[in-house]
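Accompanying notes for the structure given below.
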């Protein structure tokens, strides 16, 4: 006889697994750091999770363009964060 396998936390043995949320609905639509505070100079750090390339950007007043690497490689996952 095979041993009983317990259900994952939060599931009852007789219940259906929870539905997977639609990815589009769970997407974060907050603006990227390069799109905010365009009326002042900003220093941003960027990191491509796909190819591990990094860069530091000095964005001038009015500049809201993404990192050039991000534009050239739309399938890459790029993180932006603002330096304090």
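The values are calculated or read from the model by the stated rules, or taken from the named source; none is laboratory data. Small disclaimer: the values here were computed from a predicted structure and weren't measured. We place every Cβ from the backbone using ideal geometry, glycine too, and count neighbours over all the protein chains shown.
Does segment 72-84 hold any residues that are surrounded by 10 or more Cβ atoms within 10 Å (Cβ to Cβ) and not in a loop (DSSP other than H, G, I, E, B), and which are they?
The initial filter retains those residues of segment 72-84 that are surrounded by 10 or more Cβ atoms within 10 Å (Cβ to Cβ), namely 73, 76-83.
Selection gives 78, 79, 80, 81, 82.
Conditions (1) modelled with pLDDT under 90; (2) surrounded by 13 or more Cβ atoms within 10 Å (Cβ to Cβ), marked per residue:
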site: 9; (1), (2): yes, no
site: 13; (1), (2): yes, no
site: 27; (1), (2): yes, no
site: 34; (1), (2): yes, yes
site: 50; (1), (2): no, no
site: 53; (1), (2): no, yes
